[in-house]
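Each remark here refers to the structure printed beneath this line.
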Amino acid sequence: MADTQKEYLVGVVHPTNRPEAGQELNLDTLIPAKIKFVSLTMNFTRGTEEEFSTSMPGYEAKAAELAKMGADLVRPSGAPPFMLLGYQREQELIASWEKKYRVQMFTSGQNHVHALRTLGIKKFAGASYFPEKMNAIFARYFTEAGFEVLAMEGIDSPFADVPRVPPEKIFDFMKGIADKYKNADGIYMLGSAWKTVAIIDRLEKEIGRPLVHAAPARCWETQLRLGLRHPIPGYGRLLAEMPAIKD
């Protein structure tokens, strides 16, 4: 059993200057342990392939800075930049950073792969707030990771306006995808900027299948990587049950 009195430091590289959880409840704050978060940002503003494709040196520099601060865990967040590399290249890159800076790390993409595998989801339909070209890249990444991707659809919203999309609109959009792909083992939502924390549990119960989304998945794996296990109900099955990570 982990020492709940121990203090932990988690370093986060945010993709943008907006909060990782879209200015809503940060599930990490519900972990009943002494965890301090220190954050740096990549300051992406356009959300384009061109902007993401040159970002790895910046990510590495910030990960190195966080490791130097003594972080117990580093999270280079933002799925698109790493998914552009492809699944295998991302695995190799993060493993090399972990070895070089002597700290455990996981990207958003790796986290989502772990969550999907842990929930037994082999075939899924997904959605994001990115355009069709980027969604095709995301689908390819998950296919390379061994999943059957039935769809990666995009909600119609400019990148900068995503936090202002009403949660009920997101709920209806995701419910529509779940209804369209009834043969999917589960549903996947890519992106931390849209306001979804309050609808995740209700949506999962409505569709009758597990849902993987960034906020609960991030909180789940962060705990387990630090040797903690505190179930947090109300935000979907993954965080409520806290199952062990399946790589």
Under the Karplus relation with 6.51, -1.76 and 1.60 and θ = phi - 60°, whole-Hz ³J(HN,Hα) for the range 230-247, x at Gly and Pro, equal 10, x, 10, x, x, 10, x, 4, 4, 7, 6, 9, 6, x, 5, 5, 9, 6
Which value, in debye to the nearest 20, gives the size of the charge dipole of the chain about its Cα centre, when Lys and Arg are +1 and Asp and Glu are -1 at the Cβ? 420
Per 0.36 nm of contour for each residue apart, how much would the distance between Thr143 and Ala240 grow if the chain were fully extended, relative to their Cα-Cα spacing? 32.2 nm
HN-Hα couplings for the range 181-194 via Karplus (6.51, -1.76, 1.60; θ = phi - 60°), in whole Hz with x for Gly/Pro, come out as 10, 5, 8, 6, 5, x, 10, 10, 10, 9, x, 9, 7, 7
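Between Gln88 and Asn183, take the C-beta separation as r, use R0 = 30 Å, and let me know the FRET efficiency to the nearest 0.05. Before the final figure, lay out the partial values.
Values: r = 28 Å, r/R0 = 0.92.
Given R0 = 30 Å and the Cβ-Cβ separation, E is 0.60.
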Treating the range 15-157 as a set of equal point scatterers at the Cα positions, no solvent, please give the Debye-formula log₁₀ I(q)/I(0) at q = 0.09, 0.14, 0.18 Å⁻¹. -0.29, -0.73, -1.22
Out of Glu50, Glu144, Glu204, a Gaussian network model of the chain with alpha-carbon springs under 10 Å gives the largest mean-square fluctuation to Glu50
Which value at 222 nm does the chain reach when only helices count, each DSSP H run of 4 or more adding -39,500 (n - 2.57), with the total divided by all residues and rounded to the nearest 500 deg cm²/dmol? -12000 deg cm²/dmol
Say we join alpha carbon atoms closer than 10 Å with springs in a Gaussian network model of the chain; which of Ala61, Ala79, Ala151 then has the biggest fluctuation? Ala61
Could you give me the ³J(HN,Hα) list for the range 28-41, computed from phi with Karplus coefficients 6.51, -1.76, 1.60 and θ = phi - 60°, whole Hz, x at Gly and Pro? 4, 6, 8, 6, x, 8, 7, 10, 10, 10, 10, 10, 10, 9
Under a 10 Å cutoff between Cα atoms, tell me which one of Tyr141, Tyr101, Tyr235 has the largest fluctuation in the Gaussian network model of the chain. Tyr101
Just to be sure I understand, if you calculate mean projected area of the Cα convex hull in nm² for this structure, which of (1) 11.7; (2) 15.6; (3) 14.5 do you get? (1)
Normalising by the residue count of the chain, find the relative contact order in percent from Cα pairs under 8 Å and 6+ residues apart. 21
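Quick note: the coordinates plus some simple rules give every number you see, no bench work behind them. Nothing here was measured: the structure is a model prediction, and the numbers come from that model. Positions of Cβ are generated from backbone atoms using ideal geometry, with glycine treated the same way; all protein chains shown enter the neighbour counts.
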